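Scroll down for the structure; my scribbles are underneath it.
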Amino acid sequence: MVAIIERALLFIIILRAISGSIELTAAALMFKFNDLEKAFYINSLLALVGPFILIVTTGIALHGLTEKVSLVRMVCLFSGIFLILFSLKSK
């Protein structure tokens, strides 16, 4: 029996697979270049990908759950994500 997957869940799975592929590709490039400066540059680019994927996948999930999740819970969730991202940037 084939299970039917919701569209929102399928998009999240695909985005996470792409994100993981980007991470593995970055690790392979760091290994190939064997240079700390280039590895630092690649790692800096990865710092942009992670939060973007987090925000997009959370948005897709919330859109799929709009009937099941209250507005207050959505605001709390996005506030939590904002605080996580803010704490990473603050000194």
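The values are calculated or read from the model by the stated rules, or taken from the named source; none is laboratory data. Note that the structure is predicted; figures quoted are calculated from it, not measured. Positions of Cβ are backbone-derived with ideal geometry, glycine not excepted, and every protein chain shown enters the neighbour counts. Only protein heavy atoms, including side chains, enter the accessible area calculation; ligands, DNA and RNA are left aside. Shrake-Rupley method; radii C 1.70, N 1.55, O 1.52, S 1.80 Å.
Numbers below:
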{"read-out": "So residue 8, is it surrounded by 13 or more Cβ atoms within 10 Å (Cβ to Cβ) and either modelled with pLDDT of 85 or more or among the β-branched types (Val, Ile, Thr) (or both)", "value": "yes"}
{"read-out": "Residue match in segment 15-24 (condition: open to solvent by 100 Å² or more (accessible area, probe 1.4 Å), among the charged types (D, E, K, R) and part of a helix (DSSP H, G or I))", "value": "yes"}
{"read-out": "Cross-chain or 6+ apart pairs with Cβ under 7 Å, segment 1-28 first and in contact (Cβ under 8 Å) with a residue 40 or more places away in the chain, then open to solvent by 90 Å² or more (accessible area, probe 1.4 Å)", "value": "8/63"}
{"read-out": "Matching residues, segment 76-91, being assigned to a helix (DSSP H, G or I), free of Cβ contacts under 8 Å to residues at least 12 places away in the same chain and open to solvent by less than 80 Å² (accessible area, probe 1.4 Å)", "value": "79, 80, 87"}
{"read-out": "Scan of segment 29-38 for residues that are surrounded by 11 or more Cβ atoms within 10 Å (Cβ to Cβ) and in a helix (DSSP H, G or I), ordered by number", "value": "29, 30, 33, 38"}
{"read-out": "Residue in segment 28-50 that is modelled with pLDDT under 90, farther than 25 Å from residue 88 by Cβ and polar (S, T, N, Q) present", "value": "no"}
{"read-out": "Qualifying residue in segment 39-58 (condition: in contact with a helix residue (DSSP H, G or I) (Cβ under 7 Å, 6 or more places away or on another chain) and open to solvent by 80 Å² or more (accessible area, probe 1.4 Å))", "value": "no"}
{"read-out": "Close pairs (9 angstrom Cβ cut-off, 6 or more residues apart or separate chains): more than 13 Å from residue 7 (Cβ to Cβ) and assigned to a helix (DSSP H, G or I) in segment 53-65, at pLDDT 90 or above and among the basic types (Lys, Arg) anywhere", "value": "53/16; 57/16"}
{"read-out": "Condition broken by residue 65, with the remaining ones in (1) open to solvent by 80 Å² or more (accessible area, probe 1.4 Å); (2) touching a helix residue (DSSP H, G or I) at 6+ places or on another chain (Cβ under 9 Å); (3) among the hydrophobic types (A, V, I, L, M, F, W, C) satisfied", "value": "(1)"}
